[in-house]
Amino acid sequence: MEDFNSNNGCLYLGIDAGVFKTSVCTSNGKKFSERSVVTFLQDGNDNTEEKILSGKQAMELQDGVIKEPLNNELKGKDDVLAFKKFLKDFLNKHDVDPDKQTAYAIIGVPSNADRKYKMNLLELSSEIFSGAMVVDELFCIAYKKSLQEGSMIVDIGSGKTDICVINSNIPQQNECLSLPCAGKDIDREIVKLINERWPDSKMTEELAMEWKEKYGNLGSVHDSCIVDVPLENGTLQESIAEEMQIACEFVLTDIVSGITRVLSDVDQDIRETVRNNIHIFGGTSNLPNLGTFIENELKELGGGKVFLDPDSTFAISEGALELARNMPLEFWQQLHAGKQNEELIS
């Protein structure tokens, strides 16, 4: 797509504010992503800016209280403040300082996000950037990838999966299905299976996620899936290939069922087109052989063609960035001046 604004001396940012990870793309070529977690150090210093740790640093802190502000949909003031501090710290760590120049940001939000969530996110973002908008994350994907009418987007995240058919180039909320199964459910299933095999195990979902990211597979069982299983009295080195495959297939089968439900509601005159234009995004889409697994599951129901994004981590933030850069500069200037009322795209 044509870059409407070039940069005009401004910094543009596309942000995917995900429950699990926040990803950012900037108009000066930076791309970075980190866990959406934050903690505060108890050092007796009243300067809160010095007490914050975010992302990987927060996860590595042994005695800190981890907050996942987006997991609660920014429902409380503490969550709003925590995510604001997370976002500022996250940007600073990557040498992005919105205070040093005019900075405009578009933030991708879930399709089913309520107005209060959007307004809280918009308010805290407006305190960081010169101007900010929140946009449906599926629209960001469709915009960046130039997906045409008759395409299906399947966004497999951490806590949920959104499935949506594009109509007239814009995903409509009433044509979307949100499933409460995604990456975290694979982690929970791994924990369950490990506990069944070793009743004295001390498994955590965090450890299961690490194993999934390293060994997760929707293909044949691999004997190389050897891990140190934590037990009450030490560790046991064993293969968990079977448990890993069962957990991945268990959750993905439910997602395929969701895809078929959406397909069944598509008008017959475009159903075949949609069936052969299924685009998979989201962190869980990185599982090896995922596309082949979905296609094989769909064979019994009429078939389907799956396309995987090679860089799913930044699919939403790249689309948000491109949209931010292509918005007329006059719009951003009016937004900055407080004269723009249409701040939300829902």
Calculate one ³J(HN,Hα) per residue across the range 280-290 by plugging θ = phi - 60° into the Karplus curve 6.51 cos²θ - 1.76 cosθ + 1.60, and present them in order as whole Hz with x for glycine and proline.
-> 9, 9, x, x, 6, 5, 7, 4, x, 6, 4
Mind listing the lone cysteines of the chain, meaning no other Cys beta-carbon sits under 4.7 Å from theirs?
-> Cys10, Cys25, Cys140, Cys181, Cys225, Cys248
Counting pairs of alpha carbon atoms under 8 Å apart in space and at least six apart in sequence, what relative contact order in percent does the chain give?
-> 21 percent
If you add up the charges near Leu124, with Lys and Arg at +1 and Asp and Glu at -1, over every other residue whose beta carbon is less than 11 angstrom from its beta carbon, what do you get?
-> +1
Which order, highest average first, do 312-318, 143-149 follow once you tally other Cβ atoms within 10 Å for each residue and take the mean per peptide?
-> 312-318, 143-149
Quick one, which of (1) 146; (2) 195; (3) 122 is the actual volume of the Cα convex hull per residue in Å³ calculated for this model?
-> (1)
So for Met203, Met133, what's the accessible-area order with a 1.4 Å probe, most first?
-> Met203, Met133
Could you state the number of Å between the C-alpha centres of the range 240-293 and the range 194-225?
-> 21 Å
Sorted by chain and then number, the residues having a modelled amide H within less than 5 Å of the amide H of Phe20, at least 5 places away or on another chain, are Ser158
Would you grab the residues whose amide H sits under 5 Å from the one on Thr161? Only those 5+ places off in sequence or on another chain, please, with H modelled 1.01 Å from N.
-> Leu179, Cys181
So what J values fall out for the range 154-166 if you push phi through Karplus, 6.51 cos²θ - 1.76 cosθ + 1.60 with θ = phi - 60°, rounded to Hz, Gly and Pro as x?
-> 10, 9, 9, x, 8, x, 7, 10, 9, 10, 8, 9, 7
Residue by residue through the range 97-105, the couplings from Karplus 6.51 cos²θ - 1.76 cosθ + 1.60 with θ = phi - 60°, in Hz, x for Gly and Pro, are 10, x, 6, 8, 7, 5, 10, 10, 10
Order of exposure, largest accessible area first, which applies to Phe293, Phe250 with probe 1.4 Å | Phe250, Phe293
To the nearest 10 Å², what's Tyr12's accessible area with a 1.4 Å probe?
-> 0 Å²
Given Lys75/Lys184; Lys56/Lys192; Lys67/Lys214; Lys31/Lys144; Lys31/Lys88; Lys77/Lys116, which pairs have Cα atoms separated by over 19 Å?
-> Lys75/Lys184; Lys56/Lys192; Lys67/Lys214
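The values are calculated or read from the model by the stated rules, or taken from the named source; none is laboratory data. Because the structure is a prediction, the values reported are computed rather than measured. Cβ: placed from backbone, ideal geometry, glycine included. Neighbour counts: every protein chain shown. Surface areas here come from the heavy atoms of the whole protein model, side chains and all, with no ligands, DNA or RNA. Shrake-Rupley method; radii C 1.70, N 1.55, O 1.52, S 1.80 Å.
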